[in-house]
Amino acid sequence: MAYTKIHAITATVHKAVDYICNPDKTDEGILISSYGCSPETAAYDFKFALSKTKQSDPNKAYHLIQSFLPGEVSYKEAHQIGVELADKLLEGKYSYVVSTHIDKGHVHNHIIFCAADNINHEKYHDCKKTYYNIRSLSDNLCREHELSIITPGEKRGKTYKEWQAGKNGSAWKEQLKADIDEAIKNAATYEDCIELIRAKGYEVKGSGFEENAHKFISFRPLDKERFIRGSAKSLGAEYTKERIKKRIEEKALTKDKKHVPFPTRKKPIVKDYSRKNLIDTTEDKFAQSPGLKHWADIQNLKIAAASYSQAGSIAELEKQVATKSALAKTARESLVETERQLKDLGQILKYAEQYKANHIYHVRYKKSKDKDAYLRCHETELILHDGAENMLKRFGIDTKNLDVEKLRSDYNTLYSKKQTLQKTYKSAEREAADLNRKLDNLNQYLDRNPEQQVTDKKIDKNTQYL
């Protein structure tokens, strides 16, 4: 990816050429090329071509800068692209000097060409149309050299602009309702449903049913300023907290399998055996020692009983595993999307700060009487400014109304969202792993293989209608 900038030289052509051909900047003069002139005599060659034109404007030459992203291109390849750009743009009519500067972190080309051509003796017309032609040629060369190109309007997932625009529209309400519906579908209990909604990146308040609780449940994406009520007026009658809970209970009545709950123990288990794995009693040492085998059987019974007592039934345990796995998956998907948005917004914030820091140099450059002299003094600042401006425009950011503090605030909001989702994801993963271990212990203890588990489910399903 390359940025381009061009301005006219009305005086001191020799100083401009001397500046771009500085040996310290061009690898001792290796990265210098020319056409229709030589770098040492370019000012005189340009003067000769200008003497043949009848046009009276003061422009003697043009200074074109082509800057590349740091680390994306080698010095030699950058110079080759600069020469190719000059050849395609000037079509062999204008004398030019191309140099590649390597003394800064960003490799960039300088192209100085005569304002008058050597064939028709007409002057180069610098306007928006010709500038867009320069940009198009530069982008095409980048593609040919397999450098990155950001096409305006190119779909890259949900961009920061789309993320920000979503705050002002109503489409996010439909997304909220869809997320609530999905949470209800995957949740076994009302509490699980609320956790799933939070895992999708929403802040939830007023979800409780205690005496002093809020009348309405409210939802707010972490990228918005206000909550929206789960009321009949705001989201619809199906999205009040009472109705959400009822929908989950109705689903449970139609899908839950009947089971006899394990009797509650009068005394709590002092040691949590459910956190252990079953002992493999098929090893030779257990066959050789009946006492050791008896001890292992008792331990396995305790582990299986502890796992069963905490779940109530195998069907209930399987349901808990599915719920926590769904929660972990949802939180992970939201986390991945948030990290991608953070990466995009981090790039925008970097370029916004770069633009703001160097904008004063751009303003002074525009007002300067000798633009080329000012460029020689503040080349780095001007290149950084133009590169940042180009990137912000390609991201869809209006530089006229750029608010760096707002961007920084949005970044912090997204970062907080990421931290919340990380906690939810890690917690759900840990709980799902714990529940899976308990389920595995019970399956091993009861010698239930996967085929048997499927058969059990079919039997349970048929028993409901007996």
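Which value, in debye to the nearest 20, gives the size of the charge dipole of the range 2-144 about its Cα centre, when Lys and Arg are +1 and Asp and Glu are -1 at the Cβ?
580 debye
Between their Cα atoms, which of Lys76/Lys400; Lys224/Lys251; Lys233/Lys418; Lys104/Lys367 are more than 28 Å away from each other?
With Cα atoms farther than 28 Å apart: Lys76/Lys400; Lys224/Lys251; Lys233/Lys418.
Which order do Asp87, Asp57, Asp45 fall in if you start with the one that has the fewest other Cβ atoms within 10 Å?
Listed from fewest to most nearby Cβ atoms, that is Asp57, Asp87, Asp45.
Where the centroid of each part is defined by its Cα atoms, how far is the range 1-61 from the range 180-210 in Å?
Using only Cα atoms, the two centres lie 67 Å from each other.
Under a plain spin-label model, where a point goes 7 Å from the Cα along Cα-to-Cβ, how far apart in nm are Lys400 and Ala252?
Label-label distance for Lys400 and Ala252, simple model: 5.8 nm.
Which order do Ser416, Ser99, Ser33 fall in if you start with the one that has the fewest other Cβ atoms within 10 Å?
Lowest to highest Cβ neighbour count: Ser416, Ser33, Ser99.
Take Thr130, Thr12, Thr424 and order them by how many other Cβ atoms sit within 10 Å, fewest up front.
In increasing order of surrounding Cβ atoms, one gets Thr130, Thr12, Thr424.
Under 5 Å between amide H atoms, partner at least 5 residues away or on a different chain: which partners does Ile9 have, H built in plane at 1.01 Å?
Those lying under 5 Å, H to H, from Ile9 are Lys60, Ala61, Tyr62, His63.
Find how much the distance from Lys423 to Arg220 grows on full extension, using 0.36 nm per residue of separation minus their present alpha carbon separation; answer in nm with one decimal.
Difference between extended and current length: 71.2 nm.
Values in this text are rule-based calculations from the coordinates and carry no lab data. Since the model is a prediction, treat every value here as computed from it, not as a measurement. Virtual Cβ from ideal backbone geometry, glycine too; neighbours counted across all protein chains shown.
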